[in-house]
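> Handing you this structure, nothing more for now.
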Amino acid sequence: MYYCHIDTGAGRLLLTGHNKLETINFPAGNTKPEPDKTWIYAPERFSKTLLQLDQYFKGKRKTFDIELELKGTIFQKKVWQELLKIPYGNTVSYGEIAAKIGNPKAARAVGMAAGKNPVAIIVPCHRVIGKDGSLTGFGGGLEIKKYLLDLEQQVIQTGL
């Protein structure tokens with residue numbers, strides 16, 4: 001496993017992968033903030049990801065073009081593919097995602113799948129909120145979810 005770090009407004013993120021990006025880990029929440037001792041530090045393997053994340057956090061990128069190695073169930077991958085369709089600066093509810101994947105009663109399962117998203121930000125699970133508009137669940141913690149949503153709103157409002 002290869003890894004590197006990037007310092008962002010959302011904290012120091014740990015990126016991991018073999019041949020493609022596999023995970024983005026946050027300093028808080030339920031993700032792994034530090035590499036295993038057996039992993040190899042190789043920022044050059046993540047140069048495109050580092051550049052695009054830097055651009056995103058500077059408000060200069062709204063979509064990503066990064067090769068991913070998404071590991072999950074068929075249902076999780078279906079949810080993650082739907083998350084990729086949420087436009088920058090917009091939010092949708094878990095129920096809306098459930099309906100879009102053809103299973104309108106699966107809002108809770110969608111939430112669980114979003115919580116297992118290994119590459120948050122790239123696959124924008126932070127754009128999924130409760131049906132009442134509340135911020136719910138995020139692997140990096142709700143503070144970071146709020147930060148990402150606020151960042152996108154600020155970019156839209158200022159026209160960057």
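> Condition first: surrounded by fewer than 15 Cβ atoms within 10 Å (Cβ to Cβ) and either over 23 Å from Leu14 (Cβ atoms) or of a type outside the set (S, T, N, Q) (or both). Can you find one or more residues in the stretch 120-131 that meet it?
Yes, the conditions are met somewhere in the stretch 120-131.
> Report whether or not Gly159 is touching a residue at least 12 places away in the same chain (Cβ under 8 Å) and at positive phi.
No, not satisfied.
> Okay, next question. Output the number of residues of the stretch 55-93 satisfying the condition of being under 13 Å from Pro124 (Cα atoms), touching a residue at least 40 places away in the same chain (Cβ under 8 Å) and assigned to a helix (DSSP H, G or I).
Adding up the residues that qualify gives 3.
> Suppose the filter is at negative phi and at pLDDT 95 or above; does Lys77 pass it?
Values: at negative phi: yes; at pLDDT 95 or above: yes.
The answer is yes for Lys77.
> Also: On the basis of being of a type outside the set (Val, Ile, Thr), in contact (Cβ under 8 Å) with a residue 40 or more places away in the chain and either assigned by TED's automatic domain parsing to the domain that holds Val119 or in contact with a Gly (Cβ under 7 Å, 6 or more places away or on another chain) (or both), does Ala28 make the cut?
Yes, satisfied.
> Is it true that Ala114 is in the same structural domain as Glu152 (by TED's automatic domain parsing), in contact with a strand residue (DSSP E or B) (Cβ under 9 Å, 6 or more places away or on another chain), free of Cβ contacts under 8 Å to residues at least 60 places away in the same chain and within 21 Å of Leu151 (Cβ to Cβ)?
Yes: the conditions hold for Ala114.
> While we're looking at this one, here's another question. Among (1) touching a helix residue (DSSP H, G or I) at 6+ places or on another chain (Cβ under 6 Å); (2) modelled with pLDDT of 95 or more, there is one condition Phe46 misses while meeting the rest; what is its number?
It fails just one condition, (1).
> Might you let me know whether the stretch 6-21 holds any residue that is within 22 Å of Gly137 (Cβ to Cβ) and not in a strand (DSSP E or B)?
yes
The values are calculated or read from the model by the stated rules, or taken from the named source; none is laboratory data. Please read all numbers here as calculations on a predicted model, not as lab measurements. Methodologically, a virtual Cβ is constructed for each residue, glycine included, from the backbone with ideal geometry; neighbour enumeration extends over all protein chains shown.
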